[in-house]
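Novice: Before we start, here is the structure in question, set down as structure tokens.
The values are calculated or read from the model by the stated rules, or taken from the named source; none is laboratory data. If you're wondering where the values come from, they're calculated on a predicted model, not measured in any experiment. For neighbour counting, all protein chains shown are included, and Cβ atoms are generated from backbone atoms with ideal geometry for every residue, glycine included.
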Amino acid sequence: MFRAKEEKKLDGESTWTCKLVLRDKHKPDKDKVFFWNEKCETKLEAEHRVAVVALAKIANTLPLQRLLPNQYKETFTQCEEMEKKESGGCEEASGERGATHRPNETTCKAGDGTSLDYE
């Protein structure tokens, strides 16, 4: 389930961020939640970016970046590298949002400083 959030600028333009929840119908406490915090120009782009982050986390052993459009390959590759670098997972997320750690939640930082959060 995608949840896009619109943020209006002073000049009237909008930017979008997105949250994706992959539900586990048998065990709700095992739901996976992914975030795209970088501002995107359209709602659809924000949804696509968070979907790429989820794909990189879920299917990190497959070379799926070859099938993605060029604008999403870098995002997938960065998430994939972070997974490998941090021994199968990213750093625990508690400092990024200032909240307590929730099970299965992690935060990735892309090389350009972009925040790629996901559970």
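Novice: Does any residue in region 47-67 that is more than 14 Å from Met1 (Cα to Cα) come within less than 8 Å, Cβ to Cβ, of a residue that is among the basic types (Lys, Arg) and outside any helix (DSSP H, G or I) six or more places away or on a different chain, and which pairs are these?
Specialist: Partner pairs satisfying both residue conditions: Lys57/Lys32; Ile58/Lys32.
Novice: Are any residues in region 15-46 without any contact (Cβ under 8 Å) to a residue 12 or more places away in the chain and over 26 Å from Lys84 (Cβ atoms), and if so, which ones?
Specialist: Lys25, His26, Lys27, Pro28, Leu44
Novice: Turning to a different aspect of this structure: What residue, among those in region 52-73 that are within 18 Å of Cys18 (Cα to Cα) and surrounded by fewer than 17 Cβ atoms within 10 Å (Cβ to Cβ), is modelled with the lowest pLDDT?
Specialist: The extreme case among them is Ile58.
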